[in-house]
Amino acid sequence: MIKVRGRSMEPAIGENSWVISLRAGFRRREPQRFDVVRLEDPHTDGHWILKRIIGLPGEEVALNAGDLLVNGESVEDPFAYCPDLTTDNHEWWPRDDEYVVLGDNRSASTDSRKFGPVKRSSLRGRIRS
């Protein structure tokens, strides 16, 4: 069990809530779009963060005024909470072993918009809330 600190995954996972991190979560299946994952913060050693996968290896992934585009096609993101980010534009081209991860609460999250795609090896667990 992990206690959530921070608001980056709200409203789906609230601050101070408890979640289960399944360390074997990706041994039987590859990570999928919209999985919530636990990964090591790329900027702070020993600090773990929770984020949602929005982009898979080999895809062209973009945020255009808050809308998610994958390979040029609009993809509905039912978890995104970003009422004030209408000018949020980013593009990623994750490699074969990389994923694009974002917090659901876009205005309160440090994620791939800041640190880029993350390596498959940095995904340490799938989250069940």
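Looking at Asp67, Asp41, Asp104, just one residue is acidic (Asp, Glu) and surrounded by 19 or more Cβ atoms within 10 Å (Cβ to Cβ), and that residue is Asp104. Only one of the numbered conditions (1) among the acidic types (Asp, Glu); (2) under 19 Å from Arg120 (Cβ atoms); (3) buried (at least 16 other Cβ atoms within 10 Å of the Cβ) is violated by Asp77, and that is (2).
Taking segment 79-115 as the range and being without any contact (Cβ under 8 Å) to a residue 40 or more places away in the chain and closer than 27 Å to Ala24 by Cβ as the test, the residues that pass are Pro94, Arg95, Asp96.
For segment 8-40, the set of residues classified as of a type in the set (Asp, Glu) and touching a residue at least 40 places away in the same chain (Cβ under 8 Å) consists of Glu10, Asp35, Glu40, listed by residue number. Checked against the criteria, Thr87 counts as surrounded by fewer than 12 Cβ atoms within 10 Å (Cβ to Cβ), more than 20 Å from Lys3 (Cβ to Cβ) and not aromatic (Phe, Trp, Tyr).
Gly58 passes every criterion in (1) over 21 Å from Ile2 (Cβ atoms); (2) at pLDDT below 95 apart from (2). Given the residues Ile54, Ile13, which is the only one that is under 15 Å from Phe115 (Cα atoms) and surrounded by 17 or more Cβ atoms within 10 Å (Cβ to Cβ)? Answer to the selection: Ile54. When Asp45, Asp96 are screened for being closer than 21 Å to Ser122 by Cβ, at pLDDT 95 or above and over 14 Å from the mean Cα position of the chain (by Cα), only Asp96 passes.
Can you tell me which residue within segment 23-34, out of those that are over 22 Å from Ser107 (Cβ atoms) and surrounded by 14 or more Cβ atoms within 10 Å (Cβ to Cβ), is modelled with the lowest pLDDT?
Taking segment 23-34 first, the residues over 22 Å from Ser107 (Cβ atoms) are 23-32.
Right, trim to surrounded by 14 or more Cβ atoms within 10 Å (Cβ to Cβ) and you get 25-26, 31.
On the way: Gly25: 74, Phe26: 83, Pro31: 96.
Only one residue tops the list, namely Gly25.
Farther than 25 Å from Trp92 by Cα and of a type in the set (Phe, Trp, Tyr): is that true of Trp48 in this structure? In short, no.
The values are calculated or read from the model by the stated rules, or taken from the named source; none is laboratory data. Fair warning: this is a prediction, and the values are worked out from it, not measured in the lab. All Cβ positions, glycine included, derive from the backbone under ideal geometry; neighbour counts span all protein chains shown.
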